[in-house]
Amino acid sequence: MLLIPINLETPRLLLRTFKYGDINAFIAYRNDPEVAKYQSWDIPYPETAAREFIEYLQQTKPGTLGEWYQLGIALKTTDEIIGDCAFCILAEDGQQAEIGFTLSRQHQGKGYATEAVTCLLAYLFTEYKLHRVRANCDSENIASIQLLERLGMRREGHFVKSLWFKGEWVDELWFAILREEWER
Ligand SMILES: CC(C)(COP(=O)(O)OP(=O)(O)OC[C@H]1O[C@@H](n2cnc3c(N)ncnc32)[C@H](O)[C@@H]1OP(=O)(O)O)[C@@H](O)C(=O)NCCC(=O)NCCS
């Protein structure tokens, strides 16, 4: 079953459903220790896991309650995948979502994440008419904190040693934006 793919556009980027041809670029940045440091996967991240992941995405309906969906971030000029951003509409009420994002190291520092996640927020608030979008990150993940602040998301909480992550207790920061804040 291949579902209708998503294709969103920003001035420099495409946010689109992953294709099998993206696998090498995807494996490359997932295996970068700097990129994986604050993320849920462990390295080495094997090709079999990448293949299963892309297969899962091709068969998952975006917006299915409680299921994460990852959109590839591709350069418009070449269609090369340079990262991804993800969302999960919370099953509890269907009106809130959590988001995540990743860029390959060589494409960081160029504003691509800001551009991609701005587009993702617009997609979520318009397509799914959401009430609120939230994100969390490690309190030491400075690039991620700066990105969330640039996006206009409010820092709502600092949870101290709230998560057992890669062998230690870490602090989590929670950010959110309401629909009315996004509309302003
Ligand atoms: C989090 C992450 C996506 C942020 O990426 P980023 O490159 O810092 O963010 P952007 O792509 O928006 O780039 C912003 C930077 O580009 C600069 N920039 C350059 N050209 C720009 C342009 N045309 N437009 C906007 N910003 C531009 C900005 O000034 C900013 O620089 P600064 O960081 O020195 O202030 C990235 O660090 C990452 O993938 N980390 C690993 C995965 C991870 O931890 N994900 C989050 C888990 S919670």
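The values are calculated or read from the model by the stated rules, or taken from the named source; none is laboratory data. For clarity, every value in this text was computed on a predicted model and none was experimentally measured. Glycine gets a Cβ as well: all are built from the backbone with ideal geometry, and neighbour counts include every protein chain shown. Quick note on the areas: whole protein, heavy atoms, side chains included, nothing else; ligands and nucleic acids left out. Shrake-Rupley method; radii C 1.70, N 1.55, O 1.52, S 1.80 Å.
Note on the stretch 41-67: among residues that are surrounded by 15 or more Cβ atoms within 10 Å (Cβ to Cβ) and part of a loop (DSSP other than H, G, I, E, B), the one that is nearest to the ligand (Cβ to nearest atom) is Tyr45.
Gln96 fulfils the conditions (1) touching a Leu at 6+ places or on another chain (Cβ under 7 Å); (2) within 14 Å of the ligand (Cβ to nearest atom) except for a single criterion, (2).
Among the listed residues Ala143, Ala135, identify the single one that is open to solvent by less than 20 Å² (accessible area, probe 1.4 Å) and within 15 Å of the chain's Cα centre (by Cα).
Numbers: Ala143 fails: open to solvent by less than 20 Å² (accessible area, probe 1.4 Å).
The unique qualifying residue is Ala135.
Looking only at the stretch 73-122, residues that are more than 21 Å from Gln39 (Cβ to Cβ), assigned to a strand (DSSP E or B) and open to solvent by less than 30 Å² (accessible area, probe 1.4 Å) come to 1 in all. In the stretch 98-127, the residues that are over 13 Å from Trp182 (Cβ atoms) reach residues that are assigned to a strand (DSSP E or B) and of a type in the set (Phe, Trp, Tyr) with C-beta atoms within less than 9 angstrom, at least six apart or across chains, in these pairs: Glu98/Phe87; Gly100/Phe87; Ala113/Phe101; Ala116/Phe101. Here Tyr38 does not qualify as within 13 Å of the ligand (Cβ to nearest atom), in a helix (DSSP H, G or I) and surrounded by 14 or more Cβ atoms within 10 Å (Cβ to Cβ).
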